[in-house]
Amino acid sequence: MNLLATFKSRRVYLPILSLLVVLGGWELVGRSINPLLFAPPSSIIAMFGELIASGELLAAAKITMQALFLGYILAVIAGIPMGVLMGAWPRFGDILQPYLYAIFSTPRVVVVPLIIVWFGIGFEARLFLVFFWTAIAISVNTAQGVRNARPDLLEVARSFKVGRYQMARHVLIPGAVPFVISGLRIGAERAIVGVIIGEMFLQIVGLGGIITTASSQLLPAKMLCAVAVIAVLGTIIVTTLDMLEARFQVWRNDSN
Amino acid sequence: MKTLSRLETRRDQLIGVALFLSVWEVAAQLFDKPLLLPPVSAILTALWDLIISGELITALGESIFLLIVGLLVAIVIGFVFGTIIARSKTAYWMLNPYFSALFVTPTIALVPLVLVWFGFGFTGRVLVVVLAAVVPILFSVASGLRDAPGDLIDVARSFGVKGEIPLLFTVRLRAALPVLMAGLRLAAGRAVVGMAVAETYLRLGGIGGLIKSYGAVFRTDYVFASILPLSLLGILLVSGIGRIERRLKWS
Amino acid sequence: MENTHITNSSTGTSAIELSGIRKTFTLSEDKNAQQVLALDGIDLSINQGEFLTIIGPSGCGKTTLLRIMASLILPDEGRVIVEGEAVSEPDIKRAMVFQTFGLFPWKTVLDNVVFPLIVRKYPAQQTREIAIQHIKQVGLEKFQNAYPHQLSGGMQQRVGLARALSTGADILLMDEPFGAIDAQTRELMQEELMRICQEEQKTVVFITHDLNEAVMLADRVLLMSRGPGQVREIISVNLPRPRTEYDVRAHQEFVRVRGHLWRELRNDLIEQRTEEMV
Ligand SMILES: Nc1ncnc2c1ncn2[C@@H]1O[C@H](COP(=O)(O)OP(=O)(O)O)[C@@H](O)[C@H]1O
Ligand SMILES: [Mg+2]
């Protein structure tokens, strides 16, 4: 734990250096042109302190995370079994696939008018925005994993005369795990975007709500605080899933 | 153990679609709440109306123009910065954090800032598409060029290809092409989202604006009728690039 | 000791007996699809304890024949009899070793070797002991807990071999098992395989595309001819055991058999090319 040596590594000092340059430049330019509009870092930090002190930011983050996690968990619970069904019963999967693909490729902002007439603008509507697209991502990937079992390993298993249950337990499911996890990851990205859309367009609450309100108050510093929290939240979630992926795949990559 | 042929799968899918649409139509007619669930026939009528009035064509044209300009700008920026971070470790460590942060931040959350800083004009809208699409292109350029095939470069040099630029075009770019196309495919999907966001949030226009304005007056049939071409646009774009990508793959 | 293979060949019922095996494949899924005749009436009797190698041009149906012997696929016509009984499903008497190793990447070496045993519901403690014993037999005791991707090709195939041995099967069916392994390692593994199979009195059917390997290992070499797959010739190799690459190569019998096989293979390839040109 030699601190000096750590700072000599350029993967540490270069990003810090570049951050200092960018933030410093921003501070100077922002201040000299229009400190309110161009929100120099000092004003963002001040704003951040204020939002923390008033409890507004934490309350918003809590609301965002409630919808995010509940929607995500429901999507996992529904998506994985659905994907297994679609994979194990390819005919069913093939028939369903085009709809899922079409829904998945439709930008969610344009579906907002439909969600308003179906679910209103409350919690259920926001939950649906998180749940539905995440569930699609998870189920489609899971199905792919179940269907793409390696034929050579299926043959190995058959040569040892394994039964249906053992085929699933030793060959199909372990082989599908990487696909499921990548579905969980894509799903998480979708879920984060979904929760923010819901908060910006449906019910003006949570972190997305802060962005919308700050935008109408012309307070970029406040918006940037919320954006930063969202980015950090997203990074934490995605990194956690990456670690999960690595843990389930010791057999895949060298762990160096 | 029997696997279905492509033809049989297509047939099943067609039957599935026909069945789905019929059930929808009948259910919607019985349910009789066109606000919540307009019948298929009403959606088709609305689509036809949008087509002959020219509204849809104008909107699509506007959207596609925005999409193409945004993608082109994203490609140029992506190539420049992708090449820089592929060739220089210093540049990589200095720039990568921003691109990674941009990648995890939902574009939608940045749009209000674009509005404040760049306004809702064409520049602002293009910028939203670029913000959505640039990172996958940039990363694919960087990784495609970094993993250049050393053996093939040696082959080219031994047969007389000299200099960095000729090597870039004869070997490096060609070898990176599948990766670049994969990045472009991802970027195109995100660009369509960015386009829809720009058109609904910044200034109502194009197909996104069409959808939002019909949503505002609760014409669900027209909302469906205008979402349809937008989804189709995204699917065609992404699957078209995917098709080229598969043809470029040699392994 | 000298003529073990001959004593083996003369004992009792055959290990595997094939009669009138035919197999056609349908190429695409369309109705008017092309049919490929892969095996056209194969009759063959393999003695217990025999080491039979199969050689032939690629695409002549070797793998298909082996998969039929393993009951992984069924012939369109003909019968497969293993140790006196007609078979139509994989069973405990036969174990397969695959060209691409067929190791489960998510299982450690030990778990891969244990796999056929837990499938057969052996008691847990016993399966572990059996597996470890066979991992030792192929010299991988230090790598029990490694994952396949951490091993070289040669080591991976040792795991494949240990897995087949752990089943206790009398018959080993091997499809170009050393095809993807470098030449030096391959020679070492050939010797080990011969040693193990002789010690444990295994019957082995071994596909290869390497003439030296075919002659070196075999009690008999089966030469298949191309299109449609038929037995062209079966030739005995009267070389003393134990054999090592070094002494065998210079042996007159080795040179004779190898030369003969090479001429036949060559004729087959030339015939085929002229047929294609006509
Ligand atoms: N599952 C299959 N489907 C269609 N054709 C097959 C299949 N397996 C083998 N064949 C065909 O049968 C012939 C013999 O193949 P194979 O037994 O693999 O030959 P070898 O192992 O001698 O190279 C080849 O023409 C091959 O294309
Ligand atoms: Mg073969």
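The values are calculated or read from the model by the stated rules, or taken from the named source; none is laboratory data. Quick caveat, the model's predicted, so the values are computed rather than measured. Every residue, glycine as well, gets a Cβ built from its backbone with ideal geometry; the counts of neighbours run over all protein chains shown. Protein only, heavy atoms only, side chains kept; ligands, DNA and RNA dropped before computing areas. Shrake-Rupley method; radii C 1.70, N 1.55, O 1.52, S 1.80 Å.
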Please compute the modelled spin-label separation between A:ASN148 and B:ARG11, points set 7 Å along Cα→Cβ, answer in nm with one decimal. 2.9 nm
As an exercise, find the ratio Rg/Rh for the range A:80-197 from alpha-carbon atoms, using the Kirkwood inverse-distance average for Rh. 1.10
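Quick one: dipole size for the range B:157-237, taken about the Cα centre, charges +1 on Lys/Arg Cβ and -1 on Asp/Glu Cβ, in debye to the nearest 20.
Values: 9 positive and 3 negative charges, 75 e Å.
Approximately 360 debye in magnitude.
What Kirkwood hydrodynamic radius do you get for the range B:53-250 when you take the inverse of the mean 1/r over all pairs of distinct Cα atoms, in Å? Present the calculation step by step, with values, prior to reporting the outcome.
Numbers: mean 1/r = 0.0548 Å⁻¹.
Value: 18.3 Å, from the Cα pair sum.
Evaluate peptide A:156-169: per residue, the Cβ atoms of other protein chains within 10 Å of its Cβ; return the mean as an integer. Working shown, then result.
On the way: counts 14, 6, 7, 16, 15, 9, 6, 1, 0, 0, 4, 1, 0, 2.
Across the residues of A:156-169, the mean count of other-chain Cβ atoms within 10 Å is 6.
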Mean other chain Cβ within 10 Å across B:93-104 is 5
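Rounding to the nearest 20 debye, state how big the charge dipole of chain C is about its Cα centre with +1 on each Lys and Arg Cβ and -1 on each Asp and Glu Cβ. Don't jump to the answer; show the numbers that get you there.
Working: 30 positive and 37 negative charges, 101 e Å.
Charge dipole, chain C, about its Cα centre: 480 debye, nearest 20.
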Where does each of B:203-215, A:186-198, C:238-250 land if you order them by average Cβ count within 10 Å, highest first? A:186-198, B:203-215, C:238-250
What's the angle, to the nearest 10 degrees (0 to 90), between helix A:10-33's Cα axis and the longest principal axis of chain A? 40 degrees
In deg cm²/dmol, rounded to 500, what helix-only [θ] at 222 nm does chain A give when every DSSP H run of at least 4 residues adds -39500 (n - 2.57) and the total is split over its residues? -26500 deg cm²/dmol
Return the FRET efficiency for the residue pair B:ARG87, A:THR239: r is the Cβ-Cβ distance, R0 is 25 Å, and the value is rounded to the nearest 0.05. 0.35
Report, in deg cm²/dmol and to the nearest 500, the calculated mean residue ellipticity at 222 nm for chain B, where each DSSP H run with n ≥ 4 adds -39500 (n - 2.57) and the sum is divided by the residue count. -27500 deg cm²/dmol
Efficiency by 1/(1 + (r/R0)^6): what FRET value for C:ARG128 and A:SER54, r their Cβ-Cβ distance, R0 = 60 Å, to the nearest 0.05? 0.45
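Using a 1.4 Å probe over the heavy atoms of the protein chains, calculate the carbon and sulfur portion of the accessible area of chain A as a whole percent.
Working: 8880 of 12510 Å².
Answer for chain A: carbon and sulfur cover 71 percent of the accessible area.
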Accessible area of B:ASP147, 1.4 Å probe, to the nearest 10 Å²? 110 Å²
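Summed for both chains, how many Å² of accessible area, to the nearest 100, are buried between B and A with a 1.4 Å probe? The partial results should precede the final answer.
On the way: alone 14840 and 15660 Å², together 26490 Å².
Interface area, both chains combined: 4000 Å², rounded to the nearest 100.
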Can you give the FRET efficiency for A:ILE204 and B:PHE65, using 1/(1 + (r/R0)^6), R0 = 35 Å, r = Cβ-Cβ distance, to the nearest 0.05? 0.65
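Where does each of B:25-34, C:110-119 land if you order them by average Cβ count within 10 Å, highest first?
Numbers: B:25-34: 13.0, C:110-119: 22.5.
In descending order of packing, they fall as C:110-119, B:25-34.
Report the gain in length on full extension from B:ASP154 to B:LYS249: 0.36 nm times residue separation, minus Cα-Cα distance, nm rounded to one decimal. List each step's numbers first, then the result.
Working: separation 95, 0.36 × 95 = 34.20 nm, distance 2.12 nm.
The span from B:ASP154 to B:LYS249 would gain 32.1 nm if fully extended.
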Fraction of accessible area attributable to carbon and sulfur, chain B (%, probe 1.4 Å): 72 percent
Along its three principal axes, how long is the protein assembly as shown when you only count alpha carbons? Whole Å, largest extent first please. 98, 74, 61
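Please work out how much length the chain gains when fully extended from A:LYS161 to A:GLN66, using 0.36 nm per residue of separation minus the C-alpha to C-alpha distance, in nm with one decimal.
29.4 nm
Please compute the Kirkwood hydrodynamic radius over chain A, one decimal place, Å, based on all pairs of different Cα atoms. Write down the numbers at each step before the final one.
Numbers: mean 1/r = 0.0470 Å⁻¹.
Final number for the Kirkwood radius of chain A is 21.3 Å.
Multiply the residue gap between A:LEU36 and A:ARG91 by 0.36 nm, knock off their C-alpha separation, and tell me the result in nm, one decimal place.
13.9 nm
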Burial ranking of peptide ranges B:5-18, A:65-78 (average Cβ count within 10 Å, highest at the top): A:65-78, B:5-18
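On average, how much accessible surface per residue is there in the range C:127-278, in Å², for a 1.4 Å probe, leaving out ligands, DNA and RNA? The partial results should precede the final answer.
Details: 6920 Å² over 152 residues.
That works out to 46 Å² for each residue.
Counting only Cα atoms, I'd like the Rg/Rh figure for the range C:235-277, Kirkwood definition for Rh.
Values: Rg = 14.4 Å, Rh = 12.0 Å.
Using only Cα positions, Rg/Rh for the range C:235-277 is 1.20.
Taking the DSSP beta bridges in the protein assembly as shown as the whole, what percent of them are antiparallel, to the nearest 5? Could the numbers behind the result be given before it?
On the way: 22 of 40 bridges.
Percentage antiparallel, nearest 5: 55.
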In peptide A:224-231, how many Cβ atoms from other protein chains are near each Cβ within 10 Å, on average? 4
As I understand it, the value is the acute angle between the Cα axis of helix C:252-277 and the longest principal axis of the Cα atoms of chain C; what does it come to in degrees, rounded to 10? 50 degrees
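Only Lys, Arg, Asp and Glu count, each charged at its Cβ (+1, +1, -1, -1), so figure out the dipole size of chain A about its Cα centre, rounded to 20 debye.
Details: 19 positive and 12 negative charges, 143 e Å.
Roughly 680 debye, rounded to the nearest 20.
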Could you check the spin-label model distance between C:SER19 and C:HIS251? Points 7 Å from the Cα along Cα→Cβ, value in nm. 3.4 nm
Taking alpha-carbon centroids only, the range B:185-251 lies from the range B:3-37 a number of Å equal to 23 Å
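Need one number: buried accessible surface between chains A and C, 1.4 Å probe, both sides summed, DNA, RNA and ligands left out, in Å² to 100. Don't jump to the answer; show the numbers that get you there.
Working: alone 15660 and 13770 Å², together 27220 Å².
When A and C are taken together, about 2200 Å² of accessible area is lost.
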Name the residue, out of A:ALA59, A:ALA135, A:ALA46, whose mean-square fluctuation peaks in a Gaussian network model built on chain A with Cα pairs under 10 Å. A:ALA46
Between the residues A:ALA168, A:PRO98, A:VAL110, the Cα farthest towards the positive end of the dipole of chain A, that dipole coming from +1 and -1 charges on the beta-carbon of Lys, Arg, Asp and Glu, is from A:ALA168
Total Lys pairs in chain C closer than 28 Å by alpha-carbon, pairs eight or more apart in sequence or interchain only? 20
Considering all projection directions equally, how large on average is the shadow of the alpha-carbon convex hull of chain C, in square nanometres? 16.5 nm²
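Could you quote the convex hull projected area for the range A:126-247, Cα atoms only and averaged over all directions, in nm²? Numbers along the way, then the final one.
Details: hull surface 35.3 nm².
About 8.8 nm², averaged over all directions.
Using the Cα gyration tensor of the range C:145-193, with a ≥ b ≥ c the square roots of its eigenvalues, what is the shape: rounded (a/c below 1.5), prolate (a/b larger than b/c) or oblate (neither)? Could you put the intermediate results ahead of the total?
Values: a/c = 2.02, a/b = 1.15, b/c = 1.75.
Cα axes put the range C:145-193 in the oblate bin.
How much accessible area per residue does the range B:53-250 have, counting only protein heavy atoms and a probe of 1.4 Å, in square angstrom?
Numbers: 8830 Å² over 198 residues.
Spelled out: the 1.4 Å probe surface of the range B:53-250, per residue, equals 45 Å².
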